[in-house]
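The values are calculated or read from the model by the stated rules, or taken from the named source; none is laboratory data. What you see is a predicted model, and the numbers here were worked out from it, not measured in a lab. Using ideal geometry, Cβ is built from the backbone for each residue, glycine included, and neighbour counts are taken over all protein chains shown. Surface areas here come from the heavy atoms of the whole protein model, side chains and all, with no ligands, DNA or RNA. Shrake-Rupley method; radii C 1.70, N 1.55, O 1.52, S 1.80 Å.
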Amino acid sequence: MTVLAYVRVSTEDQSTDAQRHSIAELHNVEHWYADEATSGATKALNRPGFAELFKFARKGDTLIVSAIDRLGRDTIDLLETVEALKAKGVAIVSMREGFDLSSPIGKAMLTMLAAVAELERSNIKARQMAGIARARATGQKLGAPKKIDDAAVSDWRRASKATIQETANQFRISIAAVKRACANNAISTVEGA
C-alpha cells in the first residue's frame, strides 16, 4: 500500500507549499503529484499531474488531498473522479473535511459538500453579474482605466503624416491600439462636428 498525495493551485501566483506542509505533517507520503496554475474547473483527468497520479495509482493505495476542492469544483467531475479512483481500489482521504471518501458516509458527505460548493460558486457568479448590470445601468465604466489618449495619438499621426507603424513606435503601443485610437478619434470628431 502506497500513500500518494495530490496538491493543486489555480493561479501562477499561488503555491502548493501550504498544502504539502499540512499533508506531510500527518502522512508519510511516498509519491507527490501536483498541478499548478490549473483551475479546478478543468476535469481531473485532463490535468497532467492528476493524470500521472491516476496512471500510477494501484489497488490498496491511499490518496491524500488537503481538501476535496483540490480534486475538482464541479460536482459531477468530482464524483466521477472519486468513482474512477475507487474502481482502481484507491482510498481517498480529505484532510480538511476529515473523512475517507471511499466509505459510504464519506461519499454521501462528498456529494453534499460538492453540491453546496457548486451552489455557492453559482451564487457568487450571479451576484457578480448583478453588480455588473447595476454598474452599467448607473453609467459606470467597467474595466481598467484607459491608458492611451486617442486624440493625442490620432492628432500626432495626422500632423506627422506618419504610418500606423511609426505612430505605434512613437507612442510605444501596438498597431491595433493605434488603429483603435484613430478610429475612436474619427468617430468623436464626426460626432462633435
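The rule of thumb for compact globular proteins, 2.2 N^0.38 Å, goes into the C-alpha radius of gyration of segment 9-67 1.15 times. Taking all pairs of different Cα atoms in segment 94-174, averaging 1/r and flipping that mean, what Kirkwood radius in angstroms comes out? After inverting the mean inverse Cα-Cα distance, the result is 18.1 Å. Across segment 19-80, Cα pairs under 8 Å and at least six residues apart give a relative contact order of 38 percent. Across the options 144, 160, 99, the greatest Cα extent toward the positive end of the charge dipole of the chain (unit charges at beta carbon of Lys, Arg, Asp, Glu) belongs to 160.
Working value for segment 42-150: equivalent-ellipsoid semi-axes of 39, 18, 10 Å, each the square root of 5 times a Cα gyration tensor eigenvalue, largest first.
Once you compute Rg and the Kirkwood Rh from C-alpha atoms, what is the Rg to Rh ratio for the chain?
We get a ratio of 1.25 for the chain.
Extending 7 Å from the Cα toward the beta-carbon at both residue 111 and residue 26 defines two label points whose distance is 2.4 nm. At 1.4 Å probe size, with no ligands or nucleic acids counted, give the accessible surface of residue 54 in Å², nearest ten. Per-residue accessible area (residue 54): approximately 50 Å².
Find the relative contact order for segment 1-153 and round it to a whole percent, using C-alpha pairs within less than 8 Å whose residues are 6+ positions apart. In percent, rounded to a whole number, it is 19. Which of 43/88; 43/146; 43/125 have a Cα-Cα distance over 27 Å? Violating the 27 Å Cα-Cα cut-off are 43/146.
Each Lys and Arg Cβ is given +1 and each Asp and Glu Cβ -1; about its Cα centre, segment 34-149 then shows a dipole of about 500 debye. Among 21-33, 118-130, 69-81, the peptide with the highest mean count of other Cβ atoms within 10 Å heads the list, and the full ranking is 69-81, 21-33, 118-130.
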